[in-house]
1. Restricting the count to DSSP beta bridges whose residues both fall in the protein assembly as shown, what percent are antiparallel, rounded to a multiple of 5?
2. Using a 10 Å cut-off on Cβ atoms, rank the peptides A:341-347, B:1-7, A:68-74 from the highest mean neighbour count down.
3. Quickly estimate the mean residue ellipticity at 222 nm for chain A, helices only: each DSSP H run with n ≥ 4 gives -39500 (n - 2.57), and the total goes over all residues, rounded to 500.
4. Distance cut-off 29 Å, Cα to Cα: go down the list A:Lys92/A:Lys318; A:Lys318/B:Lys107; A:Lys2/A:Lys92 and report the pairs above it.
5. I want to verify the translational diffusion coefficient of chain A in µm²/s; compute it with Stokes-Einstein, Rh as the Kirkwood radius over Cα pairs, at 37 °C and 0.692 mPa s.
6. To make sure I understand the rule: partners must be lysines, Cα under 19 Å from the Cα of A:Lys302, and not fewer than 8 residues away in the same chain. Which ones qualify?
7. Rank A:Tyr262, A:Phe72, A:Ile6 by how far each Cα sits towards the positive end of the charge dipole of the stretch A:1-455 (+1 on Lys, Arg Cβ; -1 on Asp, Glu Cβ) and give me just the farthest.
8. Can you find, among A:Ile143, A:Phe59, A:Pro428, the residue sitting farthest towards the positive end of the charge dipole of the protein assembly as shown, where Lys and Arg contribute +1 and Asp and Glu -1 at Cβ?
Amino acid sequence: MKALTIIWIALPLFIGFSIYLLPRIARYLALGVAIFSLGYALIIFNLTSTFEFKLLDNFGVILVIDNLSGFFILTNALVTLAVLFYCWQSDKTAFFYTQIIILHGSVNATFICADFISLYVALEVISIAAFLLIAYPRSDRSIWVALRYLFVSNTAMLFYLVGAVLVYQSHHSFSFVGLRGSPPEAMALIFLGLLAKGGIFVSGLWLPLTHSESETPVSAMLSGVVVKAGVYPLVRCALMVSEVDPIVRIFGATTSLLGVGYAVFEKDSKRMLAFHTVSQLGFILAAPEVGGFYALTHGLVKSSLFLIAGILPSRNLKELKHMAIDTPIWIALVMASFSISGFPLLSGFGAKVLTMKNLLPWQVIAMNIAALGTAISFAKFIFLPHARTGESHVKAGFWSAITLLLGGLIIANGIYYEAYSVNNIIKPLITIFLGWLAYHLFFQKAIIQLSRTAEEFNHLIGVMSLVLILLFWLFFGLGNGLQTTANSYLSFQILFHHIL
Amino acid sequence: MLEAFIFATILSGFFGLVFKENLMMKIISMDVMSTGVIAYYVLISSRNGLFTPIFSDNTTNNYADPVPQAVILTAIVIGLSIQALMLVGVMKLAQNNPTLETKEIEKNNTPMKS
C-alpha cells in the first residue's frame, strides 16, 4: 500500500512532464493516469482501517488515507476523466494535457496529506497549474483572470505559511494534529489561507469571476475538484481536532447562505453555477463527518452542469428563455439540476439527507434556507423551453463525459441507500416545490442586480485582512472558552451585514 | 524586536498589495511580503542558537533548527516560480495596457453587467 501510494502520487507528475515530449499520445497518457486514480480510489474503499504513515521523522511528510480521502480522490478521478472525454476531439495541445494531469496529481496529493508543509506545496502546485489552464486561451481577459487568481491565492498562502511555522514552533511538527494547543493566531492564519484557497465565505468571492470566465472544461475542473483541495484540509482538521469543528461548521453555514444569496439573483448561467459552488462547499463543511459523500456528488453534478452550460446557445438566462434547447441536452440539464436540488433517485438526494442528519441544531435553519435557495435558482434551468431541433452540433465526447458523470450520480445512490424512507423523501420534495413556487411568483421577474464591488481585485485582497481579524476573534473566543457558538454566530451575521 | 520588524515587513508588503495601483508594484509588494515570511522562518529556526547543525565531535547545544530552514527553501523556490509566471503575464498584458494600472485592466477585462 505504501509503495502504491507513492507511485500514485509521483505518476501524474512524471507522466505530466513526459506528455510534453510525446505530444501524439498525450490524450492516452492522460487518460491512463486518471484511470489509475480511479482504481486507487476503489482500493481505498476496500481498506478496513485508516492507513497512516510518516516519511522521514516526525517533522517529515505525514499521509493519512481513509474513506474520506477515498471520496475526494474518486471525485477527482471521475471529473478528470469526464474533462478528458470532453476535450478528446478538440484541438487542445499537449501543453493543455500536461497542465490537466499535473493539476490532477497535485489535487490528489492534497487529499491524502496530513501535514501543513506538504499541503502547502500541493496547493501551490495547484495554483500554478490552474493559472496556466485559465490563461490557456492567451487572451487579455483570460490572462487577467488568471493573474487575479494567482495573486489572491499566493497572498493567502503567505499568511498560511506564517501560521504553519507558528504551529511548528509550539509542537516541533507540522502535523494537522498540532492545531490543538497551537496559539490562536496560528489557527487563524492557516484558516485564512485555506478559506481563500477553497473559496469559502467572503474570501471566496474571487471564485465566481474566475470560474465563469474560464473555458468550459477548465471551469468544470476548477469547480468540480480544485476548490475541494482547500476544503478537504478544513474537513480533515475538523475531524482530527475537535476544537476547530464548530468554526468549520460556522463557515459552512454562512458560506452556503452567501453563495445562494448571490445565486438566486444571478442572470448569467455560468456565474450562477459558480456561486452555487460557493454555496455547496458550505454544505460539505457544515457536516464534516459526511463531507466526503457530499463532495463526490457535488463534484459530479457541478462539472456536468458546467459542461452543459458551455454548449447552451447563450450564457444569459433571459435570452435562453426565448431559445429552444435541443431536448437531449435539456434532459441532461434537468437531471443535473434535480440532483443538486436534492430530488430522490439521484445521489444529490442521499448526500443532502445525510448532511442534514449530521447538522447541529443551530445549523438546521440556515441549511434548509440554503437548500430552498438551491431549488429556486435551479428552477431557472428546469423551466427553460426545449424542442427536438435535431441539429446536433455537439461532439460525441460531450455525451460520453455527461454519461460518465450522470451515471456516477445514479450509481452513487448505492452509497447511502438507507436515505430512501418516506419521511426523507417528502422533505426534499416540499423544499423543491416551495422553491419552484417562489421562482414563479417572484424570482422569475425579479430584476435585482447585486453589486459586484466585493469582487473587485483590491477588495478581494483587502477583505482578507477583515477575515483575518474575524478569525483571530473567533479563535481567541474559542481559546478563552467564553464565547458560545451561538453568540459568535450572531456577531458573524452583523459583520456579514457590514461587508455587504 | 526582530519579530516586530519582520511583521512590519509582512504588513507593509500586504498594504502595498492593496494600495498600489500599478500591477508591477503589486508584484514587488508581494515579493516584499514573502521576504518577510521567509525571514520569519529563519528567525524561528534561530531561537535556540545560531550554530550550523553539522555533526561533529565538539557538541554545543545552541544549534539553529534545520527544519524550518529546509521547509522555507521549498517556499522560496515556489515563490520565485510564481513571481516569474506573474511577470510573464504582466508582460503580455502590457502590450495592450501600457500603464499597467489595475483599475484600467480590470475595467477592460471584466464582463459588463448584463
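1. 75 percent
2. A:68-74, A:341-347, B:1-7
3. -23500 deg cm²/dmol
4. Pairs exceeding 29 Å: A:Lys92/A:Lys318; A:Lys2/A:Lys92.
5. Values: Rh = 22.6 Å.
D = 145 µm²/s.
6. A:Lys197, A:Lys228, A:Lys267, A:Lys270, A:Lys352, A:Lys380
7. Value computed over the given set: A:Tyr262.
8. The residue sitting most towards the positive pole is A:Pro428.
Values quoted throughout were computed directly from the atomic coordinates according to the rules given, and no laboratory measurement underlies them. Because the structure is predicted, anything quoted here is derived from the model rather than measured. Cβ coordinates were reconstructed from backbone atoms using ideal geometry, including for glycine residues, and neighbour counts include every protein chain displayed.
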